[in-house]
Amino acid sequence: MAGCAGSRSSSGTFFFIQMSDTQFGMFNADKSFEKETAHFEQAVAAANKLKPAFVIVTGDLVNKPFDSAQVMEYKRIAAKLNPGIKLYNVPGNHDIGNIPSAEDIASYNKMFGPDYYTFSQDHMLGIVLNSMLLHSPQKAMQKASAQEAWLQSVLENTQNEKWQHIVIFLHHPFYLEQPGEANGYFNIPLDTRKKYLELFQKYSIRYVFAGHYHRNAYGQPGSLLMVTTGPVGKPLGKDSSGFRIVKVTPQAISHQYYPLDSLH
């Protein structure tokens, strides 16, 4: 990580940290969250030393939707992030429910802010999506339609702007390894997936970062790189708890996952 010190350079290069699935309460079935506290504090302390341009947490901030103790603990530790490092939150299914209603989304908005939005860093445009509106929109069809129309508008407007990179962030990966893989809990349903992947191709989007899987996965069958990042919280595979450092240059984006135990 020696090359990561300092978030920017005069060449327009910067780096950010993607965290995911802090998921307070998962280790001990919502009875306590001491392990999550230790992991997130370790991750935030490492971020403060590394000084990224920003930190983005791609969903499942907590384990039990709207649990006040879990939400407060997430916010307490997130507030330890250096004020010069921006923090972006992304909604996960454990934050607003597996099949959220408009009311559920409104509750999330009150606790954490917008569930979909854009932000910019130097020559990069970040687009945050509410992936539950793609995966399971049944109870919030108007919200899903509004997000889709908003995304179309954002992408159309990028044609008149000079972004070197447009990067999508969401909780559910569109796919883990192959765009045609079967529907499952850990990906976006095929019909919706196909529509969005075609949209991304139309607007030359090449990078998508997600979480949800509690382990790492990578898919790049074509020009789109689909990166699924392991958890700060409880891992569900061989990958240890950790986070991803993403380096952005005017020409390209590169990334590497670091286990928390390697961040000394």
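What do you reckon, is Tyr258 surrounded by 18 or more Cβ atoms within 10 Å (Cβ to Cβ) and either on the phi > 0 side of the Ramachandran plot or in contact with a Ser or Thr (Cβ under 6 Å, 6 or more places away or on another chain) (or both)?
Answer is no for this residue.
Name the one entry in Phe169, Phe174 that is closer than 16 Å to Asp60 by Cβ, touching a strand residue (DSSP E or B) at 6+ places or on another chain (Cβ under 7 Å), of a type in the set (Phe, Trp, Tyr) and buried (at least 17 other Cβ atoms within 10 Å of the Cβ).
Phe169
Any residue in region 232-245 that's of a type outside the set (Val, Ile, Thr): show its pairings with residues that are modelled with pLDDT under 95 at Cβ separation under 7 Å, as long as the two are six or more apart or on different chains.
Ser240/Asp261
Mind checking which residues of region 48-77 are surrounded by 17 or more Cβ atoms within 10 Å (Cβ to Cβ), in contact with a helix residue (DSSP H, G or I) (Cβ under 7 Å, 6 or more places away or on another chain) and either hydrophobic (A, V, I, L, M, F, W, C) or part of a strand (DSSP E or B) (or both)?
Leu50, Val55, Leu61, Val62, Val71, Ile77
Against the condition surrounded by 19 or more Cβ atoms within 10 Å (Cβ to Cβ) and either of a type in the set (A, V, I, L, M, F, W, C) or touching a residue at least 12 places away in the same chain (Cβ under 8 Å) (or both), how does Leu134 come out, does it pass?
Spelling it out, Leu134 is indeed surrounded by 19 or more Cβ atoms within 10 Å (Cβ to Cβ) and either of a type in the set (A, V, I, L, M, F, W, C) or touching a residue at least 12 places away in the same chain (Cβ under 8 Å) (or both).
Would a scan of region 108-121 turn up a residue that is in a helix (DSSP H, G or I), surrounded by 13 or more Cβ atoms within 10 Å (Cβ to Cβ), modelled with pLDDT of 95 or more and among the acidic types (Asp, Glu)?
There is no residue in region 108-121 that is in a helix (DSSP H, G or I), surrounded by 13 or more Cβ atoms within 10 Å (Cβ to Cβ), modelled with pLDDT of 95 or more and among the acidic types (Asp, Glu).
Given (1) free of Cβ contacts under 8 Å to residues at least 40 places away in the same chain; (2) under 23 Å from Ala140 (Cα atoms); (3) surrounded by fewer than 18 Cβ atoms within 10 Å (Cβ to Cβ); (4) not β-branched (Val, Ile, Thr), where does Asn89 come up short, assuming only one miss?
Failed condition: (3).
Between Tyr207, Tyr203, which is in contact (Cβ under 8 Å) with a residue 24 or more places away in the chain, surrounded by 18 or more Cβ atoms within 10 Å (Cβ to Cβ) and not acidic (Asp, Glu)?
Selected residue: Tyr207, the only one of Tyr207, Tyr203 that is in contact (Cβ under 8 Å) with a residue 24 or more places away in the chain, surrounded by 18 or more Cβ atoms within 10 Å (Cβ to Cβ) and not acidic (Asp, Glu).
Within the bounds of region 148-166, is there any residue that is surrounded by 21 or more Cβ atoms within 10 Å (Cβ to Cβ), in contact (Cβ under 8 Å) with a residue 12 or more places away in the chain and not charged (D, E, K, R)?
Looking through region 148-166, none of the residues is surrounded by 21 or more Cβ atoms within 10 Å (Cβ to Cβ), in contact (Cβ under 8 Å) with a residue 12 or more places away in the chain and not charged (D, E, K, R).
Residue by residue through region 154-184, note down the ones that are of a type outside the set (Phe, Trp, Tyr) and in a strand (DSSP E or B).
Of everything in region 154-184, those that are of a type outside the set (Phe, Trp, Tyr) and in a strand (DSSP E or B) turn out to be His165, Ile166, Val167, Ile168.
The values are calculated or read from the model by the stated rules, or taken from the named source; none is laboratory data. Values in this document were obtained by computation on a predicted structure and should not be read as measured data. Note that we place each Cβ from the backbone using ideal geometry, even for glycine, and neighbour counts take in every protein chain shown.
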